[in-house]
1. Pairs please, first residue from the range 161-172 and open to solvent by 50 Å² or more (accessible area, probe 1.4 Å), second anywhere and in a strand (DSSP E or B) and of a type in the set (V, I, T), Cβ atoms under 7 Å, 6+ apart in sequence or on different chains.
2. Which pairs turn up if I take residues in the range 136-153 that are of a type in the set (K, R) and look for partners that are outside any strand (DSSP E or B) and open to solvent by 10 Å² or more (accessible area, probe 1.4 Å) with beta carbon separation below 8 Å, at least 6 apart in sequence or on another chain?
3. Name the one entry in L69, L12, L32 that is among the hydrophobic types (A, V, I, L, M, F, W, C) and free of Cβ contacts under 8 Å to residues at least 40 places away in the same chain.
4. Give the residue that is nearest to W61 (Cα to Cα), with candidates limited to residues of the range 126-159 that are within 26 Å of the chain's Cα centre (by Cα) and open to solvent by 60 Å² or more (accessible area, probe 1.4 Å).
5. Among V19, V76, V54, which is the only one that is β-branched (V, I, T) and in contact with a strand residue (DSSP E or B) (Cβ under 9 Å, 6 or more places away or on another chain)?
6. Which residue out of G241, G202 is at pLDDT below 90, open to solvent by less than 60 Å² (accessible area, probe 1.4 Å) and within 25 Å of the chain's Cα centre (by Cα)?
7. Can you tell me how many residues in the range 11-31 are within 14 Å of G92 (Cβ to Cβ) and open to solvent by less than 60 Å² (accessible area, probe 1.4 Å)?
Amino acid sequence: MRNRQRGSHLGLMLLASQVFQMGLDHIPPVTLAVLGLNVYLYLFPAAPLMQACVSVQQAYWFKDWRRLLLSPLHHVDDWHLYFNMLSFLWKGAALERRLGGPWFLYLLSVFSLITGLVYLALEALLTELTQDQSYSMACAVGFSGVLFALKVLNNHYHPGGVTYVMGFPVSNRYVSWVELVLIHITSPGTSFVGHLAGILVGLLYTAGPLKAVMKTCAGFVTSNGYNSRANAYYRSSGTTGYSGAGGGYSGYRPAPPDHTTRAASYTGGLTEEEQIEAAIRNSLHDRGQGGQRGAPPPYGFRPFEEPTAEEPGQRRRRRRRRCRCQETSSLLRHDKVQPTD
């Protein structure tokens, strides 16, 4: 490992220029926050480089597992930081828009941790195969392993694309492997095993069980080619998030409103025109039953009975019946009192 260069910070200035050229409002929040964290830890490191890098000797033999968390976030110099963060700026922005901020943050956390574990496993394997202890002592630092995992993921979402590497078109399916070899040839000081670990982690996510395991461990987060997206509905046994006999809380998961079912419960499945016709028939039926005090109303609720007005024709017919009854009764009375000879 070489000592950190503290010169003019030209790499930092170029990185700042790229960020402002892209526009802060065009960089998703998680991508911007992770970039800022890497810059901050470069300027104010949490530990010296030799205590932040990860190796089999330091992490496994000496049980210094915190290096798995520190190593991806520390860089050797400002150029190391510049190239890594410039690559992350474009990959992170594209993937965060596709996957959503919460899932992307979760993805970065898992990739950072598992890339370090895979790196340790590969170095330990090389040590056993070659009986060369230098592999166990090789100490790696930087975000490039995570970047190779993100590259595999990004190429997975664009399988038919082509990337130009040194002027030659390379299919996105194989570009990660080509860059792995070229970077090792052109920059011998880089960690070949660290980059290889990133590719393997990306393949574990896209073609292996890692994605399913992550979904199982974080059941409240969803991914659809982005989108722990904000407009997704989270399914549960109810709208409050409580489920099971024990009443355990599983998080608030609003179910989509079922307007069709609610409307059917009020309208009986009738169309708007059929509802209007039914209302007219009920109104006429209710009016016709106004004189029947014992008959219940066909719909609605009435706190008291309202008197209904009679039609003029009905009043005339009632008067005629009364007159006839009076004439008949008078004739009967007349017959009863008339004397006989």
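1. V162/V170; P169/V162
2. Every condition considered, the pairs that remain are K151/K91; K151/E179.
3. None of the others qualify; the one that does is L32.
4. H156
5. Just one listed residue meets the conditions, V54.
6. None of the other options fit; the residue is G241.
7. Qualifying residue count for the region: 8.
Residues are listed down the side, and each one gets a yes or a no for (1) more than 21 Å from L49 (Cα to Cα); (2) acidic (D, E):
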site	(1), (2)
P102	yes, no
L113	no, no
A121	yes, no
E128	yes, yes
H156	yes, no
Y164	yes, no
L180	yes, no
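The values are calculated or read from the model by the stated rules, or taken from the named source; none is laboratory data. The structure displayed is predicted, hence computed values, not measured ones. Please note: Cβ atoms are built from the backbone with ideal geometry, for glycine as well, and neighbour counts cover all protein chains shown. Accessible surface areas use protein heavy atoms only, side chains included; no ligands, DNA or RNA. Shrake-Rupley method; radii C 1.70, N 1.55, O 1.52, S 1.80 Å.
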